[in-house]
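Encoded as structure tokens, here's the structure I'll be asking about.
Each value in this text was obtained by applying a stated rule to the coordinates, not by laboratory testing. Keep in mind it's a predicted model, so treat the numbers as computed, not measured. Counting neighbours? That spans all protein chains shown, and the Cβs are built from the backbone with ideal geometry, glycine included.
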Amino acid sequence: MAETRAINPWTWQDQFGFSQAIEVRGGQRVVCCAGQTAVDASGNPMHGRDMAKQANQALDNLETVLRQAGLTLANVVRLNYYTTDMAAFFNAAPTFGPRLAAAGCKPASTLLGVASLFHPEIMIEIEATAVA
């Protein structure tokens, strides 16, 4: 099983639930997940312009992918967030931040503002790297 260690020379990131870096030692597997969005099992967009519901659906989909690989959110060492609306992202963060914290997921993260995603109603895409 991989050993991980958060590397945080500062504390300001703690309020946002991420780490500046994650050191991984002894890992046997690395799983690079494609970006997950708010889509159903057929790939149809869900939750129209509702950032909170979309973020949680994207995490549901990420957990489904991780489960298929025999992993959980606790194995995630990196999350990249792509959003078309930064203000909506920060307003929605209280709906999904505690979920990540409860799962023991405090990965290195990047938040990027983008002009658009694969569908006009999709506001967030979450990309993950997990280790075991």
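Loop-only check: which trypsin sites (Lys or Arg not before Pro) in segment 1-107 are DSSP coil with at most 13 other Cβ within 10 angstrom? Show your work: numbers first, answer last.
Details: sites: R5, R25, R29, R49, K53, R67, R78, R99; in loops: R29, R49.
Answer by residue number: R29, R49.
Let me have the relative contact order for segment 3-131, percent, based on Cα pairs under 8 Å that are six or more residues apart.
This gives 36 percent for segment 3-131.
Can you list the residues, at least 5 places off or on another chain, whose amide H is less than 5 Å from the amide H of L111, using H built in the peptide plane?
Excluding prolines and chain starts, which carry no amide H, the hits are Y81.
Tell me which of A69, P98, S42 sits at the most positive position along the dipole axis of segment 2-132, charges placed on C-beta atoms (Lys, Arg +1; Asp, Glu -1).
A69
Here is a further query. So how strong a dipole does segment 3-131 carry about its Cα centre when Lys and Arg Cβ are +1 and Asp and Glu Cβ are -1, to the nearest 20 debye?
340 debye
Express the Stokes-Einstein translational diffusion coefficient of segment 7-132 in µm² s⁻¹, to the nearest whole number, given a Kirkwood radius over alpha-carbon pairs, 10 °C and a viscosity of 1.306 mPa s. The partial results should precede the final answer.
Values: Rh = 14.8 Å.
The diffusion coefficient I find is 107 µm²/s.
Restricting to the chain, what percent of DSSP beta bridges are antiparallel, rounded to 5?
So the antiparallel bridges in the chain amount to around 70 percent.
Can you list the chymotrypsin sites (Phe, Trp or Tyr not before Pro) in segment 1-72 that are in a DSSP coil and have 16 or fewer other beta carbons within 10 angstrom?
Values: sites: W10, W12, F16, F18; in loops: W10, F18.
Passing both the DSSP loop test and the Cβ count: W10.
Could you pull the Cα extents of segment 81-132 along its three principal axes, largest to smallest, in whole Å?
34, 24, 15
In the Gaussian network model of the chain, springs joining C-alpha atoms below 10 Å, which of D50, D85, D40 carries the largest mean-square fluctuation?
Of the options given, D40 has the highest mean-square fluctuation.
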